[in-house]
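The values are calculated or read from the model by the stated rules, or taken from the named source; none is laboratory data. Everything numeric in this text was worked out from a predicted model, so none of it was measured. Neighbour counts run over all protein chains shown; Cβ positions are idealised from the backbone, glycine included.
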Amino acid sequence: MVNRLKLRQTTAMTDGSSMKKIKTGAIVGGCVLLGLGGALAITNPEQDAYDDFATQAAIAYLKSEVCAKVPTTFGLQRVCQSELESNQAKIKQIIAEGTQRQNFVLFSRYTTNLSISPDLPSYHVESVGALGQFIIYKTQKR
């Protein structure tokens, strides 16, 4: 009888200890998730940061895909690159006007539709912003 009583006491103490560990683990896990969520929310980039990022990405793309194909005679490639650099504000404005932001608090989704002229191709770009960074995950030339 004494052995059974000791066995029950040992089992009860083990169960109580396990419950404390589970509760502690749940509290620590909850705090980590809350901290991570807070960090994501605080570092969710704003529209202006995206406009700067997209402008630099567009200029880099145009330099490598458009200016690189311009004839080198008369320094036209340099003129093309120079025009892109000197018109950054206009490019940024076009991007800002063609961009919609969906703010999901922890991250943002940006959809940009660029169309300058009916004679030129238009572009559809989708990006995500989180932790102060941007990733372009879809680009379509239309």
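Quick notes on this one:
- Test for residue 29: is it outside the structural domain of residue 128 (by TED's automatic domain parsing) and touching a residue at least 12 places away in the same chain (Cβ under 8 Å): no
- Some residue of region 44-56 being among the polar types (S, T, N, Q) and surrounded by fewer than 14 Cβ atoms within 10 Å (Cβ to Cβ): yes
- Checked against (1) without any contact (Cβ under 8 Å) to a residue 24 or more places away in the chain; (2) surrounded by fewer than 11 Cβ atoms within 10 Å (Cβ to Cβ), residue 105 passes all but a single condition, namely (1).
- Identity of the residue in region 78-102, over 15 Å from the mean Cα position of the chain (by Cα) and touching a residue at least 24 places away in the same chain (Cβ under 8 Å), that ends up nearest to residue 46 (Cα to Cα): 96
Results for (1) of a type in the set (S, T, N, Q); (2) at positive phi; (3) in a helix (DSSP H, G or I); (4) at pLDDT below 85, shown as yes or no for each residue.
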residue	(1), (2), (3), (4)
5	no, no, yes, yes
8	no, no, yes, yes
11	yes, no, yes, yes
14	yes, no, yes, yes
18	yes, no, yes, yes
22	no, no, yes, no
26	no, no, yes, yes
40	no, no, yes, yes
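- Some residue of region 91-102 being of a type in the set (Ser, Thr, Tyr), within 22 Å of residue 142 (Cβ to Cβ) and part of a strand (DSSP E or B): yes
- Check on residue 115, of a type in the set (Ser, Thr, Tyr), in contact (Cβ under 8 Å) with a residue 12 or more places away in the chain and under 15 Å from residue 48 (Cβ atoms): no
- Close Cβ contacts (under 7 Å, 6 or more residues apart or on different chains) running from residues in region 63-74 that are over 20 Å from residue 121 (Cβ atoms) to residues that are in a loop (DSSP other than H, G, I, E, B) and at pLDDT below 85 are absent.
- Options 126, 83; residue that is touching a Lys or Arg at 6+ places or on another chain (Cβ under 9 Å) and either in a strand (DSSP E or B) or farther than 30 Å from residue 34 by Cβ (or both): 126
- Qualifying residue in region 54-77 (condition: at pLDDT 90 or above, in contact with a strand residue (DSSP E or B) (Cβ under 7 Å, 6 or more places away or on another chain) and not in a helix (DSSP H, G or I)): no
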